[in-house]
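Take a look at the structure set out below.
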Amino acid sequence: MEELLCFPDKGNVCFGSGKDCWAFTLTKFARIYAKKFGTELEKLRKRFWGDNYYDAKGKKWKTEKYADDGKELKRAFC
């Protein structure tokens, strides 16, 4: 039997709304963006959860909240 804890970055958590009839996993978004940007699905899925920030100007992932130019970045998954 596998581990019974829930980890969104491992793909075993689904976010959804029964009222509005929608659901998704981080894997689903990672698959879309990996295809769009030509990168690995696993790398993106891990970046989408936790304190990870994407600096679009610098084109790199960061764990700090601020870009190199001092601008405040948004979390990857909000």
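Annotation: of all residues in segment 19-69 being charged (D, E, K, R) and part of a strand (DSSP E or B), the one that is nearest to CYS6 (Cα to Cα) is LYS62. When ALA30, ALA76 are checked against the criterion of being surrounded by 15 or more Cβ atoms within 10 Å (Cβ to Cβ), modelled with pLDDT of 90 or more and out of contact with any Gly (no Cβ under 7 Å at 6 or more places or on another chain), a single residue qualifies: ALA30.
Annotation note: of ALA30, ALA76, the sole residue that is in contact (Cβ under 8 Å) with a residue 24 or more places away in the chain and under 19 Å from CYS14 (Cα atoms) is ALA76.
Residues that are modelled with pLDDT of 90 or more and small (Gly, Ala, Ser) within segment 33-69 comprise ALA34, GLY38, ALA67, listed in sequence order.
The values are calculated or read from the model by the stated rules, or taken from the named source; none is laboratory data. Nothing here was measured: the structure is a model prediction, and the numbers come from that model. All Cβ positions, glycine included, derive from the backbone under ideal geometry; neighbour counts span all protein chains shown.
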